[in-house]
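Just so it is clear, none of the values below were taken in a lab; they were calculated from the coordinates. Everything quoted here is computed from the prediction, not taken from an experiment. Positions of Cβ are generated from backbone atoms using ideal geometry, with glycine treated the same way; all protein chains shown enter the neighbour counts.
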Amino acid sequence: MTEKNVTVTVKTKLGSLVTIRADEPKEFTERVDEAGRVLFDKAVMAFESLINDVNTPLAVDEVAKALGATVIAAPAPLAPVPPDPTDRWSAPSTAQENVTDRYGNNFTYNLPNAPTCERGTMVLKSSVSKAGKPYKCFVDPASAPKWAGPKIDKTQHAAVVWA
């Protein structure tokens with residue numbers, strides 16, 4: 001049997017030598033991954049410990065002094081910024097709202113007992129059919145004029161719920 005040893009030795013900044021050996025490249029890769037996970041876990045634990053130690057005013061001064069820095073009084077926390085009504089990613093409004101599209105269809109948003117679909121609360125659409133008969137139904141929000149998400153094919157819209 002021929003020897004297939006893979007060996008890598010790395011010298012750390014502190015001067016320690018770390019050697020990883022394996023019989024095959026795949027095994028070597030697994031050992032390097034495991035070493036990385038162990039080192040990462042230890043670094044996270046050390047960081048958490050440092051954060052816990054620094055969580056007192058005295059420790060903050062000591063750490064700053066050790067780093068050759070000066071501690072400046074932290075500014076007061078900023079007041080929360082109100083959501084931008086034009087931001088499509090902000091929380092949806094819960095107030096009932098009526099919108100009429102260019103064809104004269106009326107859409108009522110945020111009705112309390114409206115059915116839901118995978119894209120959220122369905123929208124009540126009221127209009128007049130080509131035959132002149134008025135109708136009301138709940139439609140997928142992607143079918144309504146305020147939809148700001150990605151374009152979704154009509155075949156993927158939720159089924160209409162007649163009101």
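Straight-line reach from Lys154: which lysines fall under 22 Å, measuring Cα to Cα and dropping same-chain residues less than 8 apart?
The reachable lysines, counting only those whose Cα sits under 22 Å from Lys154, are Lys125, Lys130, Lys136, Lys146.
Can you order the peptides 15-27, 99-111 by their average number of other Cβ atoms within 10 Å per residue, highest first?
Those peptides, ordered most packed to least, come out 99-111, 15-27.
Report, by chain and number, residues whose modeled amide H sits under 5 Å from the one on Cys117, excluding near sequence neighbours (fewer than 5 apart, same chain).
Under 5 Å from the amide H of Cys117: Met122.
What's the ranking of 151-160, 135-144 by average number of surrounding C-beta atoms within 10 Å, highest first?
Top to bottom by mean Cβ count within 10 Å: 135-144, 151-160.
Tell me, what HN-Hα J-couplings in whole Hz come from the Karplus equation 6.51 cos²θ - 1.76 cosθ + 1.60 at θ = phi - 60° for each residue of the stretch 123-137, using x for Gly and Pro?
Per-residue couplings from phi come out as 10, 7, 10, 10, 7, 10, 6, 4, 7, x, 9, x, 8, 9, 7 Hz.
Is the shape of the stretch 93-163 best called rounded, prolate or oblate, per the rule: a/c under 1.5 gives rounded, else a/b larger than b/c gives prolate, else oblate, with a ≥ b ≥ c the square roots of the Cα gyration tensor eigenvalues?
Note, shape of the stretch 93-163 comes out rounded.
Below 25 Å, Cα to Cα, which lysines can Lys13 reach? Residues fewer than 8 away in the same chain don't count.
Cα-Cα hits under 25 Å: Lys42, Lys65.
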